[in-house]
Every structure is written in structure tokens, then in C-alpha cells.
Amino acid sequence: MSERGPRRGLRLLRLALLAAALPAAATLIVTSAGAADDAAQLAAGKALFVGGAMPPCALCHTLKDAGTSGAVGPVLDELQPDAARVATALRTGIGAMPSYKATLKEEQILALARYVAKASGGAN
């Protein structure tokens, strides 16, 4: 038996409202997941900076957010490197800084680079 009249109209209205709300709900879920992923990546990068990478970045570099005051490498708060610059330095080494390509996975290099860029005020 088919619906007619007000009941059919109410059902169609509910379906229309649900269809309109789904994209917004999906965007909210994706945005929340993206923010959580970003926070997790930054936390992983910070952990690598202060002691997870060997030798630790904190041994040589000053970075206020990490609470470090190394005196060998540049003060990252002043240098404000972007993530690409940090990732390149991590992969290839620069000056007295060794390459971390053999000791860190690519995702760790990207997390560390993202953290340094964000914490120092450099471009992301």
C-alpha cells in the first residue's frame, strides 16, 4: 500500500533533510579525523625531536616549544624553516648535522619536519 497525502509529504521532507545533512556530517567527521591525525603527527615529531632520533635534535638545536637549548646547530625559532627544508636536511644532512635517512622512516622524517616547522613558526 503506497503512502499518500501528508504522510508521504512528511516522509519526503525527512529524506530531503537527511540527504542535506549527510555531506555536512561527513565533512565534520573528516575534519575531526584530520585534526586528530595532525595532532598525532606533531606529537610524534616532538617526541623524535627531544629524544627519539639518534642523535637527538635537541642535543644541538634550540627550540622553545621543545624546551631545548642546544648550542651547535642553528636556533630553530630564529631560522623558522619550512617543513620541506627540514625534511631535506634530515634526509641528506647539512654541515655537522648527520643524515637520518638510514635511521628514520619517511613518515618519521615528515612528522619531525612538520613539528619543527610548526613549532618554530616556519611555513608548513
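Every number in this text was worked out from the coordinates using simple rules, so none of it is lab data. This is a predicted model, so every value here is computed, not measured. Heads up, the Cβs are rebuilt from the backbone with ideal geometry, glycines too, and the neighbour counts pull from every protein chain shown.
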Run the numbers for A43 and Q80: contour at 0.36 nm per residue of separation, minus the present Cα-Cα distance, in nm. 11.5 nm
Any idea how far apart S69 and V50 come out in nm if each label point goes 7 Å out from Cα toward Cβ? 1.6
